[in-house]
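Throughout, read-outs are computed from the coordinates displayed, never taken from laboratory work. Everything numeric in this text was worked out from a predicted model, so none of it was measured. We place every Cβ from the backbone using ideal geometry, glycine too, and count neighbours over all the protein chains shown.
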Amino acid sequence: QKEVEQDPGPLSVPEGAIVSLNCTYSNSAFQYFMWYRQYSRKGPELLMYTYSSGNKEDGRFTAQVDKSSKYISLFIRDSQPSDSATYLCAMSARETSGSRLTFGEGTQLTVNP
Amino acid sequence: NAGVMQNPRHLVRRRGQEARLRCSPMKGHSHVYWYRQLPEEGLKFMVYLQKENIIDESGMPKERFSAEFPKEGPSILRIQQVVRGDSAAYFCASSPQGAADTQYFGPGTRLTVL
């Protein structure tokens, strides 16, 4: 069983739709949760960073973490064609001394004009 | 403010040759991570380094792969005697001390082994 599960999609939505992306995980030691966006043949770009359970909002993006269910989500409001990319969830167990990130496989999103 | 820099962006090697991938972290960042992305797969951790120290190499293949982050200069990921299965995108990430999970990625090096 993979430590982090993410539906690879592909997911196709019309412009302006609300997009919901999700990951589940099995390692209860994970405390730090991130979402990255990766355009084709580019490096991952950090979108959201959250610690433990709760919500965090940044513009059109909202990240949610539910540690009791081992489930994290990223919501994109008013989606735009420029949001078309692969979205990767990532998580780690420690902060102060640095630690590896464990990634989901990524969800490929297309926003159609 | 320059981001994480990686070079070369594309590297072609024949089986049995050596590949050297370089990574310069963001200014002020003292932590460097290497990840590999195989076709149709997610990013997999390889190694975590600080200046002159390998902190965690649990994701590195046991043979042919090595990494360093010298006191001066970029971090180097070295692959000896490359095989076709090494073809992948190799990404470097860096983070500032004290915020080690806020990792910022470079553009990657795409290695093709013929």
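Magnitude of the Cβ-charge dipole of the protein assembly as shown, K/R +1 and D/E -1, about the Cα centre, nearest 20 debye?
840 debye
Legend: ranking of residues B:Lys27, A:Lys42 from fewest to most surrounding C-beta atoms inside 10 Å; resulting order B:Lys27, A:Lys42. The lysines within cross-link reach of A:Lys56, meaning a Cα-to-Cα straight distance under 19 Å and a gap of 8 or more places when in the same chain, are A:Lys67, A:Lys70. Taking Cα centre as origin and charging only the Cβ of basic (Lys, Arg, +1) and acidic (Asp, Glu, -1) residues, the dipole magnitude of the range A:55-113 rounds to 220 debye. Leaving out same-chain residues fewer than 8 places away, which lysines sit with a Cα under 19 Å from that of B:Lys62? Within reach: B:Lys44.
Taking the Cα atoms of the range A:1-108, the ratio Rg/Rh between the radius of gyration and the Kirkwood radius comes to 0.95.
The convex hull drawn around the Cα atoms of the protein assembly as shown, when projected onto a plane and averaged over every direction, covers 12.7 nm².
Spin-label model, A:Lys56 to A:Ser26: label points 7 Å out along the Cα-to-beta-carbon direction sit 2.6 nm apart.
Take each residue in B:40-47, count the other chain C-beta atoms within 10 Å of its C-beta, and the mean is 5. Annotation note: GluC sites (Glu not before Pro) in the range B:21-71 located in DSSP loop regions with a Cβ neighbour count of at most 15 within 10 Å are B:Glu40, B:Glu41, B:Glu52, B:Glu63. In whole angstrom, note down how far apart the Cα centers of the range A:65-113 and the range A:1-41 are. Here the answer is 4 Å between Cα centres.
Placing +1 on the Cβ of every Lys and Arg and -1 on the Cβ of every Asp and Glu, with nothing else charged, gives chain A a dipole about its Cα centre of roughly 260 debye.
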